[in-house]
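For reference, the structure discussed in these notes is given below.
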Amino acid sequence: MKAKKFVLKQQFVGFPKYSDVEIMEEELPPVTDGEFLAEAVFISIDPFIRIHPQEVGNVVMGQQVARILESKSEHYAVGNYIVGFFGWRTHTISTPQLITPDHRLPEYLIKDMDDLPLSLPLGILGMPGNTAYFGFLDICKPKEGETVVVSGAAGTVGSHVGQIAKIKGCKVIGIVGSESKGKWITEELGFNYYINYKNQNLKEELIKCAPEGIDCYFDNIGGDLSSTIISTMKRFGRISVCGFISQYNLESGFDKAPALQGYFVSNCLQMQGYSALLFVPRWHEGIAQNLKWIKEKKLKYRETIIEGFENTFQAFLDLLSGKNIGKTIVKV
Ligand SMILES: NC(=O)C1=CN([C@@H]2O[C@H](COP(=O)(O)OP(=O)(O)OC[C@H]3O[C@@H](n4cnc5c(N)ncnc54)[C@H](OP(=O)(O)O)[C@@H]3O)[C@@H](O)[C@H]2O)C=CC1
Ligand SMILES: CCCCCCC/C=C/C=O
């Protein structure tokens with residue numbers, strides 16, 4: 001069996017380039033006792049791939065949904081589907097990860113999907129879904145009637161957070177980079193307002209949409225836009241720092257605190273960053289709740305599906321350029 005894989009040729013500097021990666025072939029050895037051979041069905045494209053440390057020469061990191069083609073493991077049977085942290089590769093020989101180390105995303109068999117797409121364990125029913133669920137509820141602690149701002153609001157995590165905020169009875173404002181994204185989150189997902197940061201004055205629009213001020217900010221983007229949002233927050237506001245994608249492709253790095261200390265002091269704000277990995281012990285609680293909301297039609301999702309393993313890197317570039325709506329997935 002030959003596997004195809006994307007290998008990191010050099011570290012990403014600035015916006016990623018085709019010359020940073022290379023598609024290679026690998027002849028896989030026979031499957032031995034305790035192992036299984038899995039074939040990628042869907043590969044997840046995520047922003048963390050741009051910033052998480054990776055070694056040159058390794059397969060580019062990432063999750064996939066894969067089908068077991070051959071198994072010498074009592075835990076996994078041929079035909080089972082699994083979520084694996086196998087990277088950008090078509091075939092993988094692995095052993096079941098019965099206990100997930102706390103520095104890795106969990107690997108597990110997919111069960112109880114009913115008629116839902118098998119790609120969802122990479123999005124709303126997986127890492128991004130748990131990032132939204134735990135990172136919003138545990139950190140922002142939203143209360144009914146409060147005003148919530150979500151940036152990256154038409155992305156996987158942001159579109160999910162805004163809907164949870166609506167379920168909790170909040171007023172929700174989404175920050176997006178296009179009119180079609182804004183229409184989707186307001187007309188289909190129930191956000192109260194959207195602000196297009198590319199052609200509107202963010203501060204003025206925030207004051208119009210939320211003259212009462214902002215209680216919770218779920219931050220996916222960082223940078224100047226986040227500084228503006230934080231400067232309009234109310235006393236005792238809570239900020240969940242999920243990501244800072246606006247800074248990921250800077251060549252200069254990102255190690256400066258924005259000059260917002262005055263707002264933190266005068267408005268008694270709280271800001272907390274987190275990694276989804278913190279919630280690995282509660283992983284299946286998050287998935288079960290998100291699945292329940294989908295079945296109750298309280299939670300909707302959208303996917304941008306790119307066909308063909310060879311297009312995996314282009315899918316990553318498109319995500320970093322904001323061309324996606326909802327979860328970006330490669331259908332192998
Ligand atoms: N802490 C954690 O454990 C986790 C953190 N994250 C983080 O959450 C954030 C969202 O992830 P996810 O929903 O999966 O991503 P998505 O790819 O689904 O959404 C990303 C969106 O970010 C927006 N964006 C891209 N560049 C910029 C920019 N320069 N300024 C403003 N917006 C930009 C784009 O939308 P638009 O057109 O609106 O600009 C894009 O569609 C990321 O920062 C990611 O790193 C994700 C998972 C786990
Ligand atoms: C090596 C595992 C990395 C998983 C990181 C998942 C959560 C972080 C997302 C940040 O964007």
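If you go through the range 89-103 one residue at a time, do you hit one that is on the phi < 0 side of the Ramachandran plot, within 16 Å of ligand 1 (Cβ to nearest atom) and surrounded by 24 or more Cβ atoms within 10 Å (Cβ to Cβ)? No, because not a single residue in the range 89-103 is on the phi < 0 side of the Ramachandran plot, within 16 Å of ligand 1 (Cβ to nearest atom) and surrounded by 24 or more Cβ atoms within 10 Å (Cβ to Cβ).
Name the single residue, out of those in the range 1-56 being hydrophobic (A, V, I, L, M, F, W, C) and part of a loop (DSSP other than H, G, I, E, B), that is nearest to Gly152 (Cα to Cα). Taking the candidates together, the pick is Ile45. Scanning the range 256-265 turns up no residue that is within 16 Å of ligand 2 (Cβ to nearest atom) and within 24 Å of Gly162 (Cβ to Cβ). Would you check if there is a residue in the range 80-94 being of a type in the set (D, E, K, R) and free of Cβ contacts under 8 Å to residues at least 12 places away in the same chain? Within the range 80-94 (the criterion being of a type in the set (D, E, K, R) and free of Cβ contacts under 8 Å to residues at least 12 places away in the same chain), the answer is no, since none of the residues qualifies. Could we say that Val176 is touching a helix residue (DSSP H, G or I) at 6+ places or on another chain (Cβ under 8 Å) and in the same structural domain as Thr131 (by TED's automatic domain parsing) here? In short, yes. Against the definition (over 23 Å from Ala66 (Cα atoms) and within 14 Å of ligand 1 (Cβ to nearest atom)), how does Thr228 come out, yes or no? When the stated conditions are applied, Thr228 passes them. Screening Phe86 on (1) assigned to a loop (DSSP other than H, G, I, E, B); (2) over 20 Å from Phe313 (Cβ atoms) shows it passes everything except condition (2). When Gly126, Gly152, Gly145 are checked against the criterion of being touching a helix residue (DSSP H, G or I) at 6+ places or on another chain (Cβ under 9 Å), among the small types (Gly, Ala, Ser) and over 20 Å from Asp224 (Cβ atoms), a single residue qualifies: Gly126. Would you confirm whether or not the range 17-31 contains a residue that is within 16 Å of ligand 1 (Cβ to nearest atom) and closer than 19 Å to Met61 by Cβ? No.
Taking residues in the range 111-134 that are on the phi > 0 side of the Ramachandran plot, and partners anywhere that are in a helix (DSSP H, G or I) and surrounded by fewer than 23 Cβ atoms within 10 Å (Cβ to Cβ), the pairs with Cβ atoms closer than 8 Å and at least 6 places apart or on different chains are Asp112/Leu291; Asp114/Lys295. Take the conditions (1) closer than 19 Å to Tyr263 by Cβ; (2) without any contact (Cβ under 8 Å) to a residue 12 or more places away in the chain; (3) assigned to a loop (DSSP other than H, G, I, E, B); Glu204 misses just one of them, which is (3).
Scanning the range 63-84 for residues that are within 16 Å of ligand 1 (Cβ to nearest atom) and either among the small types (Gly, Ala, Ser) or surrounded by fewer than 18 Cβ atoms within 10 Å (Cβ to Cβ) (or both) yields a count of 0. Could you grab me the full set of residues in the range 104-117 that are surrounded by 15 or more Cβ atoms within 10 Å (Cβ to Cβ) and more than 16 Å from ligand 2 (Cβ to nearest atom)? Hits for the range 104-117 are Ile110, Leu116, Pro117. Cβ-Cβ distances below 6 Å connect the following pairs, each with a first residue in the range 1-29 that is more than 22 Å from His52 (Cβ to Cβ), a second residue that is modelled with pLDDT under 95, and a separation of six or more residues or different chains: Leu28/Met1.
Is it true that Glu212 is within 28 Å of Tyr194 (Cβ to Cβ) and either assigned to a helix (DSSP H, G or I) or in contact with an Asp or Glu (Cβ under 6 Å, 6 or more places away or on another chain) (or both)? No; evaluated as a whole, the condition is false for this residue. Among all positions in the range 27-40, there is no residue which is over 23 Å from Tyr81 (Cα atoms) and surrounded by 13 or more Cβ atoms within 10 Å (Cβ to Cβ).
Exactly one residue among Glu74, Glu55, Glu70, Glu144 is of a type outside the set (Gly, Ala, Ser) and touching a Gly at 6+ places or on another chain (Cβ under 7 Å), and that residue is Glu144. For the range 281-332, which residues satisfy the criterion of being of a type outside the set (A, V, I, L, M, F, W, C), assigned to a helix (DSSP H, G or I) and away from ligand 2 (no atom under 16 Å from the Cβ)? The answer is His284, Glu285, Gln289, Asn290, Lys292, Lys295, Glu310, Asn311, Thr312, Gln314, Asp318. Every condition in (1) more than 9 Å from ligand 1 (Cβ to nearest atom); (2) part of a helix (DSSP H, G or I) holds for Leu250 except the one numbered (2).
The values are calculated or read from the model by the stated rules, or taken from the named source; none is laboratory data. Only a predicted model underlies this, so the values are computations on that prediction, with no experimental measurement involved. FYI the Cβ positions are ideal-geometry reconstructions off the backbone, even for glycines, and counts take in every protein chain you see.
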